[in-house]
1. Tell me, which residue of the stretch 45-66 that is buried (at least 18 other Cβ atoms within 10 Å of the Cβ) and among the aliphatic types (A, V, I, L, M) is modelled with the lowest pLDDT?
2. I'd like to verify a number: residues in the stretch 583-610 that are over 27 Å from THR705 (Cβ atoms) and within 27 Å of the chain's Cα centre (by Cα), how many?
3. Would you check if ASP862 is acidic (Asp, Glu) and touching a residue at least 24 places away in the same chain (Cβ under 8 Å)?
4. List pairs: first in the stretch 244-256 and of a type in the set (Val, Ile, Thr), second modelled with pLDDT under 90, Cβ under 7 Å, 6+ apart or cross-chain?
5. Any idea how many residues of the stretch 679-733 are at pLDDT 80 or above and in a helix (DSSP H, G or I)?
6. Looking at the stretch 403-427 only, could you name the residues that are in a loop (DSSP other than H, G, I, E, B) and crowded, with 16+ Cβ neighbours inside 10 Å?
7. Check off (1) buried (at least 21 other Cβ atoms within 10 Å of the Cβ); (2) in a helix (DSSP H, G or I) for LYS558 and give me the number that stays unchecked.
8. Kindly establish whether SER521 is surrounded by 15 or more Cβ atoms within 10 Å (Cβ to Cβ), of a type in the set (Ser, Thr, Tyr) and without any contact (Cβ under 8 Å) to a residue 40 or more places away in the chain.
Amino acid sequence: MTTYNQSAHHRFKNADEMAALFVDIPEAISNSLLIAKRCAFMIQDREPILPEYRDPEGRTPEQVLRNQAEQGLTQRIDSLESAGKLEFDKQDYIERLNYELSVIIEMGFTGYFLIVSDFINWANDNNIPVGPGRGSGAGSVVAWALRITGLDPLKWGLLFERFLNPERISMPDFDIDFCQDRRDEVIQYVQERYGKDKVAQIITFGKLQARAALRDVGRVLDMPYGQVDRIAKLIPNNPAKPTTIAQALDTQDELATIYKQDEQVATLVQTAMKLEGMYRHASTHAAGLVIGDRPLPELVPIYRDPRSELPVTQFNMKYVEQVGLVKFDFLGLKTLTVIQKALALIKESGISIDLENLPLNDKTTFRILAEGDTVGVFQLESSGMREVLRGLKPDRFEDIIAVVALYRPGPMDNIPTYISRKHGREPVIYMHDKLEPILSETYGIMIYQEQVLQAARDLGGYTLGNADILRRAMGKKIQSEMDEQQAKFVEGAANNDIDNILAAQIFEQISAFAGYGFNKSHAAAYALISYQTAYLKANYPVQFMAALMALDAGNIEKLAVFKQDCVTQKIQVLAPDINLSQASFSVEKQENGGLAVRYALGAIKNVGEEAMRHLCNARASLGGFKSVDEFAHHLPREVANKRQLENLVNAGVFDSLHSCRKQVFEAIDMILSTSNLIRRESSSQQENLFAGGSHEPEYAAIRFTSSPEWSQTEKMSREFEALGLHLSAHPLDQYAYQLSKLKIVSSALLDSALADGVGRRIYMAGQLTSVQERVSQKGNRFAFLQFTDQSGIFEMTCFSELLASSREKLQEGNVLIIRAEAKVENGVPRLLAQRIDRVEDKIASAHSGIGIWVETDECLQDIKSILSEDGAGRAEVEIYIKDRASRIKISLPHHFQLSGECREKLKTVPGILKIQDIMEIA
């Protein structure tokens, strides 16, 4: 290998320097420009290129498509008929199928449908979950018959023309969702089926967006990661409409303040703004593959991504399509993997569920939807969506389709009207009788693009193909096109006896809705997955929650949310156990016959799920570990590092073998040395297998110290460190009764508390886990505080004055009550601390006591006697006498102890109607 010594001349020289270097041959410089111009390349447009579909029986692709579609439709109809769900005449399906086939064949897309059908059916045959559809493809009966999609287009009013328009030539585009864990198997099949040199991923070029620019520059400036990350998070995160740094400085007060006050932050921001928008890296399209009819290097330049076995095109998606290659989308959808995991866990109980034939009117499912109990339910789990569901109270599948379509900026404005009309609080009005059959499903509100097409057809006399062109024109808002289309619509409406003025008004209304109308085929397909997940949660909640936690085992924030949801549902989450836990989350039968979720060994921090699988295999070969000794003697080599064992101990997995965690922790070095000794001895025995004689080695037992157990606080702290959440207990638990009486907002309910988008003062309680102090440009100190409560993690900012006055309280591990100013910025809760107190101090100073409701004043003497016997204290007593026409309130002048015995005695006094705790934060 040749080594070159760099010098000051190893750099890009400017034009003057180059001219000086080549003063003797100036034509060399001008020739470089000529060469560069000759290297220019213009991509030529080509017709779509599809791989050849070869039939073993020698039939043409058209014959194969027709045969498969007709057979598939017969099977679909027979299935509906046997289940008593056939709502349309068979001839309606046959006519629609024949129409679609004629369009598909005429437009030359036969091969496309056959290829997509081929790899989807291969996935189905190999038990790889496939989604019911995505995008407009769910509107095709041919796709439904070929099992490319899973929704009956006639039943749900889905239109083929929204997918493939015979009056506007464009490629069909099926976006296919596969199980996240097995998507690669489908891609591998496609490679083998059509040739590895004919299949490739598509390149994309990632630009430096605002947040990435800040993080990259911060790394170069050697600024603390946490500081840069927090600054970056002040940039609103909306991938659909990215916010620039300059825009964020104008709209985000906190960012602007830090920028003005901190010189280092100002340098960071200014440098990032210069780099923002530049290409950062090459990557690959998230889902797109191209499949050619010949080796792809003959059509496009290719490069090899070291992170993937698949080649990658050097043309991006735009130019790949320009040269004739057709994109196929293979998307990995985690929800399908969750569903598959849940079904497997349910099957362990001896129950098999036919997902394709779930009843779409299950009362239990609609009950949890109406209650907004949708944590983990596909598309319906955000706090805002849950509030909508509580108001909507859906009771039919069409409501789920509608809410999936409506819950977006713009259409959201129609949600209150939809709810009011559904529940009869507002009349449903149609501008013309012909609109009623089109809009009755959505209570007179135009929600779907398909409704635009139907209205144009039924009122304006359009074909559905022309109606789709009208829809696109309305979306573009080009006035000349709109004027032309309005004239055409009014003329067609006149043929349907609709006068010109009304027709123009209807056109305007349709146009207003068309701008943000949603694709019903897509909404219906995703609504089906929403319903499936809701059904599983409603009817098999333990298995569903275990599946959710298994698929997000590495996401601590989500695990905390799911764990809290289990508490809400009264589902027990059992602590990780060396003998009972699996590598993943599992379902365990309890002595009372109920089911519980058992925490996963693989979800413990820094142990590795694969290593835990090896550990579980070793355990299975023994029938379980009977002691820590046996564990040490059979420890697999994949679990041979001290950090792994420390986290296992801190998580409490050995509690069933040895009750003192501290003693097991102190024995870790001995466990590892014993395990290593056994492995060496075992290896030596194998080497001396034929040396004659054998002996069973003797090993010293693990010796535990006599150290006392860690304090409860220390145990909880270590458990939190190992799990990332509090599972067996939380420091707030000891204050549970008092906190339940105060208006404390938990981290799990923070989104709901701010769902209306209005800022407010709230109280939160938590254990302080992190204090990150910073200095502003003006020299003022501020801090980012992180807390945990029983349901998760929350963060807030603390400015200089409060930071200085509360420094003694702000020690990690302290349990605090914080008054904060809370608001929502770009969908993210922002908390600013205003007051900080130790929880015990705040509870002690809280206004507390009881209210006693009595029928008459006859029992007051008995109440006074019991309170006097209990003795003086800090609790107040208020008595409410329900006497005559009014209610009389008496606040006793003295404070009392109100012991548990005192409370029990009061309950026995005749004439007392109820006793209620009173507690308010001072």
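The values are calculated or read from the model by the stated rules, or taken from the named source; none is laboratory data. Predicted model only: the values in this text are computed from it and were never measured. Cβ atoms come from the backbone with ideal geometry, glycine included; neighbour counts cover every protein chain shown.
1. Per the stated criteria, the residue is LEU50.
2. Summing the residues that are over 27 Å from THR705 (Cβ atoms) and within 27 Å of the chain's Cα centre (by Cα) in the stretch 583-610 gives 17.
3. In short, yes.
4. Partner pairs satisfying both residue conditions: ILE245/ILE235.
5. 17
6. TYR407
7. For LYS558, the failing item is (1).
8. It is false that SER521 is surrounded by 15 or more Cβ atoms within 10 Å (Cβ to Cβ), of a type in the set (Ser, Thr, Tyr) and without any contact (Cβ under 8 Å) to a residue 40 or more places away in the chain.
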